[in-house]
Amino acid sequence: MIYGITAATGRFGQEAYRELLKIVNKDDIVILARDLDRAAEIFPDAKNIKKADYNDLQTLQSSFSGIDRLLFISSIPGGAVARIDQHKNVISAARAAGVSYIAYTSFPNAQKSSAFLAQDHIKTENLIEEAGLGYSFLRNNWYLENEAAAIKASAKGADFIYSAADGQVGWALEKYYAQAAARVLSFLDPQKIYEFAGPLTTYRELAQTVKNISGQNFAIKRSMIKAIETAVFSGIGENNR
């Protein structure tokens with residue numbers, strides 16, 4: 001069984017590789033990355049490193065050849081090529097190369113979500129199903145690292161300003177999502193859908209935890225302006241993300 005990890009040089013991909021090494025042989029893992037030199041620096045002991053640029057369908061198909069199970073890490077929106085078009089390339093290449101199974105990093109409750117950020121993930125899930133591939137959708141909740149700036153500032157005494165009212169978020173460290181992804185990739189009979197999340201928590205509760213740990217007496221405030229910006233641009237708003 002040969003396993004491939006796309007976007008492997010990112011934090012998620014690196015952690016997934018380290019976790020997968022605990023389960024399968026190094027010779028059975030293919031590192032897939034846009035920048036081969038960077039990949040070689042990050043993974044000096046890797047046995048198989050191949051070029052995989054989401055914008056290059058032909059190269060993807062060639063690099064996916066021989067891979068049985070693929071961890072497909074979603075791309076970042078806002079690039080020169082639309083994210084959904086990049087995802088179409090990955091799926092088309094995987095199907096053409098004979099990949100039998102894809103584990104795709106998706107969005108919480110994707111098919112029921114109206115959040116702006118969910119739309120590409122909904123379309124990608126649908127495309128994977130339509131391709132007839134075996135799959136698992138890894139619907140990851142919010143990374144705690146996304147709140148790092150606010151947490152660090154408040155730990156030094158700055159007010160904690162948030163936007164999501166009593167909306168709950170299932171924060172967890174990115175590495176835990178990546179470790180879970182590697183585990184699912186190794187399963188012989190994985191579930192179709194995994195809703196991965198930490199304990200549901202409000203922003204106010206998160207801020208209170210920072211206050212308790214840091215000993216700082218900062219104010220915890222909800223910003224209506226920030227709430228509007230968040231709802232429009234990120235899709236978090238009052239959603240559980």
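Please report the net charge: other residues with Cβ closer than 14 Å to the Cβ of residue 125, K and R +1, D and E -1.
Here the count lands on +2.
I need the trypsin sites (Lys or Arg not before Pro) found in the range 122-157, filtered to DSSP loop residues with at most 14 other beta carbons within 10 Å of theirs.
When the trypsin sites (Lys or Arg not before Pro) of the range 122-157 are filtered for loop state and at most 14 Cβ neighbours within 10 Å, 156 remain.
For residue 21 and residue 153, calculate 0.36 nm times their separation in residues minus their Cα-Cα distance, and state this gained length in nm to one decimal. Intermediate results must be reported in sequence, preceding the final value.
Values: separation 132, 0.36 × 132 = 47.52 nm, distance 3.63 nm.
Extra length from residue 21 to residue 153 when fully extended: 43.9 nm.
Heavy atoms only, probe 1.4 Å: what % of the accessible area of the chain goes to carbon and sulfur, would you let me know?
50 percent
Net charge within 14 Å of residue 74 by Cβ-Cβ distance, Lys/Arg positive one each and Asp/Glu negative one each, not counting residue 74 itself? List each step's numbers first, then the result.
Numbers: positive: 11, 83, 88, 123, 139; negative: 85, 120, 125, 174.
Summing Lys and Arg as +1 and Asp and Glu as -1 gives +1.
What share of the DSSP beta bridges in the chain is antiparallel, in percent to the nearest 5?
Counting only bridges with both partners in the chain, antiparallel ones make up about 5 percent.
Rg (Å, one decimal) plus Dmax (Å, integer) for the alpha carbons of the chain?
19.1, 58
Counting other Cβ atoms within 10 Å, which trypsin sites (Lys or Arg not before Pro) in the range 1-75 have at most 14 and lie in a DSSP loop? Walk me through the numbers before you get to the answer.
On the way: sites: 11, 18, 22, 26, 34, 38, 47, 50, 51, 69; in loops: 22, 34, 47.
Qualifying residues, ordered by number: 22, 47.
Running a GNM on the chain with Cα contacts under 10 Å, which residue among 179, 216, 61 ends up with the highest mean-square fluctuation?
216
How many Å² of accessible area per residue for the range 110-181, probe 1.4 Å?
Details: 3150 Å² over 72 residues.
For the range 110-181, the solvent-accessible area averages 44 Å² per residue.
Can you tell me which lysines have their Cα less than 21 Å from the Cα of residue 175? Leave out same-chain residues fewer than eight positions away.
Leaving aside lysines fewer than 8 places away in the same chain, those within reach of residue 175 are 22, 26, 152.
The values are calculated or read from the model by the stated rules, or taken from the named source; none is laboratory data. These numbers come from a predicted model, not from an experiment. Neighbour counts run over all protein chains shown; Cβ positions are idealised from the backbone, glycine included. For the accessible areas, the whole protein counts, side chains as well, though only heavy atoms, and no ligand, DNA or RNA atoms are used. Shrake-Rupley method; radii C 1.70, N 1.55, O 1.52, S 1.80 Å.
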